[in-house]
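Okay, so here's the structure we're looking at.
The values are calculated or read from the model by the stated rules, or taken from the named source; none is laboratory data. Keep in mind the model is a prediction, meaning the values are calculated, not measured. Because the Cβ atoms are built from the backbone with ideal geometry, glycine has one as well, and the counts that use them run over all protein chains shown. Note: accessible area is taken over every heavy atom of the protein model, side chains too, but ligands, DNA and RNA are not part of it. Shrake-Rupley method; radii C 1.70, N 1.55, O 1.52, S 1.80 Å.
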Amino acid sequence: MIFNSIDEITEHFDLDSIDLNVIKKILKKKVKKLHPDDNKGEFKSDNDKNDYHKIHSALEFIKTQTTTSLTLTKSDLTQLTSSINKLSKIQNEKSDKKIVKEKDAELDTILSSSVQEFVKNNSGIKITGIAITTAITALWSFPSIVKDHPIFSFIYEYHKDFTIVYVFTLFLAVMFWIKIKRAERKDKEIKNSYRLESIQNQMFTLFSQSVKASFHNTEHRNDKIYIIFTKDDLIHFLMNEYEKLKKELNSNLDVFKRVEQIEWIINKEKKERKRRSLSELLNLPSLATPGEIDLETAQTISELIITRLKTRNLIVLSKEKSLSDRFEYEFKY
């Protein structure tokens, strides 16, 4: 008897399992009991003989099914691996896009909070200015109230001259208010621009050129230049160097000349750091710098930039072990 399917075998021998290994094990036990070697080289009956050949046929069919299955697995291995890699890549891309979307939303919240904080930081100076202006206005408007005062009585005596002082003070107060409002508007515009992918690309471009100019964390392999960096390096650059380079760098230069100019700016900055300004020594209050990048903002922007670079296969994780992930970026002139 010739079997053409596993279903035929399970039905004929009244088997419950469809697992090939289980079926094969059961049939081998049956065929061992019927083997003529157990009866002096002869079958006990014609029925045993027929059953023996049927079981043998079934085992041969199972053997062909197992071989075919293994052969197909080997022949399709490359295609299967490729499919798995594609699925993995798609899954990673979806995950990276999700991370980018979440970080974009987080950056929006941080920047909005930073803009409000900038306004709040300037509120002390504005309140002081209002208080001084109000006091001088009151003295100018009602000079008689200080007529008998031992210090301010001159305002009553020289009211006309004090008017000049008052007008000049009022002019300075108005100009100072205008300056603060412009600074607040500029801060909002600059920080809103940090949301743009084009600005984030500009940040990383300047960062890579800065690393190349400093001659640190660069490697030459196979006639190619690689920038080695961590997220912490990018955060430090955004907080301490980005704004200065953006202001002083000539955007019309080619990459090679830009790297040379950045090197010159870095060296100049090192010399300037050795000198302390008068305001630093006296710790004098001053207006906050518009567009200044704080630690939280720098960290979120850095994570966004690195995620986008990884998604586009522009950076790879370095094999060198360290506490922070180190990335390699191929620098091109």
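Restricting attention to the range 302-329, which residues are hydrophobic (A, V, I, L, M, F, W, C) and without any contact (Cβ under 8 Å) to a residue 40 or more places away in the chain? LEU314, ILE315, VAL316, LEU317, LEU323 - these are the residues of the range 302-329 that are hydrophobic (A, V, I, L, M, F, W, C) and without any contact (Cβ under 8 Å) to a residue 40 or more places away in the chain.
Conditions (1) in contact with a helix residue (DSSP H, G or I) (Cβ under 9 Å, 6 or more places away or on another chain); (2) of a type in the set (Gly, Ala, Ser), marked per residue:
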position	(1), (2)
GLN91	no, no
SER113	yes, yes
GLN116	no, no
LYS120	no, no
SER123	no, yes
THR128	no, no
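Restricted to helices (runs of 4 or more DSSP H) entirely inside the range 159-242, those with at least 1 residues that are within 14 Å of PHE331 (Cα to Cα), open to solvent by less than 80 Å² (accessible area, probe 1.4 Å) and modelled with pLDDT of 90 or more are 197-214.
Regarding GLU272, is this residue at pLDDT 90 or above and assigned to a helix (DSSP H, G or I)? Answer is no for this residue. Checked against (1) out of contact with any Leu (no Cβ under 8 Å at 6 or more places or on another chain); (2) touching a residue at least 60 places away in the same chain (Cβ under 8 Å), ASN192 meets all criteria but (1).
The single condition from (1) at pLDDT below 85; (2) within 23 Å of the chain's Cα centre (by Cα); (3) open to solvent by less than 70 Å² (accessible area, probe 1.4 Å) that ASN250 fails is (2).
Residues considered: ASN85, ASN39, ASN47. Of these, the only one that is farther than 30 Å from TYR194 by Cβ, open to solvent by less than 90 Å² (accessible area, probe 1.4 Å), modelled with pLDDT under 80 and of a type outside the set (A, V, I, L, M) is ASN39. Within the range 14-33, residues that are in a helix (DSSP H, G or I) sit with their Cβ atoms under 6 Å from residues that are among the β-branched types (Val, Ile, Thr) and open to solvent by less than 100 Å² (accessible area, probe 1.4 Å), at 6+ positions apart or across chains, in these pairs: LEU20/ILE62; LYS24/ILE62; LEU27/ILE55; LYS30/ILE55; VAL31/ILE55.
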